[in-house]
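Bear in mind these aren't lab numbers, they're just calculated from the coordinates by the rules spelled out. These numbers come from a predicted model, not from an experiment. Backbone-built Cβ (ideal geometry, glycine too); neighbour counts: all protein chains shown.
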Amino acid sequence: MDDREPEVVFKKETVGKLLSLSFRDEKTKVSGDAVLLMAEMLKIFVQEAARRAAKQADAEDSDTVDIDHFEKILPQLLLDF
Amino acid sequence: MSDEFSHSQRLKAAIHFTVARFCEEVGQDCQKKYSKLAIAAISETTFKQCDIFARDLEAFARHAKRTTVNVEDVKLAARRSTSLANYISEKSEELTSITKEQKGRRKKQTGKRTSGGSLPEAAATGADSSMGDDQDALA
């Protein structure tokens with residue numbers, strides 16, 4: 001089971017730096033567990049975006065998911081997060 | 001200023017890379033291919049969404065009179081959708097139990113190290129190298 005290619009995840013470092021980049025106050029810090037949880041949340045966000053876009057492409061009988069499929073699901077996606 | 005610019009560009013590139021891998025994974029699952037533009041759009045959206053999350057988290061932490069964002073703030077950021085909130089609290093419990101376990105093991109090991117001779121120490125490091133965190137346990 002664990003011999004297969006590793007699960008796709010956002011790196012802890014990347015998420016940590018990304019968060020601190022957007023903080024207005026440079027005194028704000030993030031706990032380690034919070035960073036891991038944020039990585040999980042971003043993973044869900046991307047997977048949800050990809051799946052909804054794929055569903056939209058399916059509804060339009062297209063084999064490739066194009067930007068217009070993603071554009072159509074974008075408003076609802078942003079409302080759900 | 002230009003330094004900051006390239007820094008965010010590199011983070012964007014990192015996100016783009018991971019998003020592309022996620023799309024590949026999902027694409028295999030539902031027999032679809034993702035166009036480059038679609039992947040770029042998803043990455044850009046993720047980057048912007050992360051910015052929104054970060055500002056929310058900072059505001060939540062400040063509201064609780066803290067300067068460190070913790071797990072509770074992340075749970076609050078996931079409140080808008082019930083299933084997401086449930087999933088995130090589940091994950092956070094998992095995370096805290098893992099951290100507790102690691103801390104307990106670390107404590108046990110330092111105890112062994114101070115009380116035992118050279119033999120138990122060697123046994124302890126040998127057993128722990130499979131877990132991959134012997135380095136920081138010994139540090």
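In this structure the amide hydrogen of B:VAL69, modeled in the peptide plane, comes within under 5 Å of the amide hydrogens of A:LYS29, A:VAL30, A:SER31, none closer than 5 places in sequence on its chain.
Distance between the C-alpha centres of segment A:1-77 and segment B:22-60: 4 Å, rounded to the whole angstrom. Computed from backbone phi with θ = phi - 60° and the Karplus coefficients 6.51, -1.76 and 1.60, the 3J(HN,Hα) list for segment B:86-95 is 4, 4, 5, 5, 4, 4, 5, 5, 4, 4 Hz; x is used for glycine and proline.
Exposed loop sites are taken as GluC sites (Glu not before Pro) in a DSSP loop (any state but H, G, I, E or B) with at most 16 other beta carbon atoms within 10 Å; the longest stretch of chain A without one runs A:27-59. Put simply, the amide H of A:VAL65, placed in the peptide plane, has neighbours under 5 Å in B:LYS33, B:TYR34, B:SER35, leaving out anything fewer than 5 places away on its chain.
Ordering A:LEU37, A:LEU78, A:PHE23 by the projection of their Cα atoms onto the charge dipole of chain A, which places +1 on the Cβ of Lys and Arg and -1 on the Cβ of Asp and Glu, puts A:PHE23 at the extreme positive end. Shape analysis of segment B:17-114 yields a ratio of the Cα radius of gyration to the Kirkwood radius, Rg/Rh, of 1.13. Pull out a ≥ b ≥ c, the square roots of the eigenvalues of the alpha-carbon gyration tensor of chain A, then state rounded if a/c is under 1.5, prolate if not and a/b is larger than b/c, and oblate in the remaining case. The shape class here is oblate.
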